[in-house]
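Below is one structure, written out as structure tokens; the observations come after it.
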Amino acid sequence: MAEAGEGDLRVLNMPDFGETDLASREKEAFRQRLRELRGRNKPTVLAECCGLNRNAVIGYENGDSLPGFESLVKLADYFGVGLDYLVGR
């Protein structure tokens, strides 16, 4: 058996969340923050202000998809929040 080396997660005693669990938690946190920040505005208004597709915004809020980095930055700038806050960290 190979020894744990530098860069090996076992050395850091990191919990194994599993890729699916982590992605699921991130989607849920982002979905909740986006809905909270959007408030009573329609998804169409948010999409137009941020230069995004309305269906994409609806997909983000439903947890069907996650935005790419550029879209995350646009949303964070629009709401005046940091990326960490937006993704629920």
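Tabulated data
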{"item": "Shape of the stretch 26-86, Cα gyration tensor, a/c cut at 1.5", "result": "rounded"}
{"item": "Inter-probe distance in nm under a simple model that places probes 7 Å from Cα toward Cβ, at LEU66 and ARG89", "result": "1.1"}
{"item": "Lys, Arg +1 and Asp, Glu -1 on Cβ, resulting dipole of the stretch 26-86 about Cα centre, debye, nearest 20", "result": "260"}
{"item": "Karplus-derived 3J(HN,Hα), 6.51/-1.76/1.60, for each residue of the stretch 37-46, Hz, glycine and proline x", "result": "6, 5, x, 8, 5, 6, x, 4, 4, 4"}
{"item": "Ascending count of other beta-carbon atoms within 10 Å, so fewest first, for VAL73, VAL57", "result": "VAL73, VAL57"}
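Quick note: the coordinates plus some simple rules give every number you see, no bench work behind them. As the structure is a prediction and not an experimental result, all values here were calculated from the model. Note that we place each Cβ from the backbone using ideal geometry, even for glycine, and neighbour counts take in every protein chain shown.
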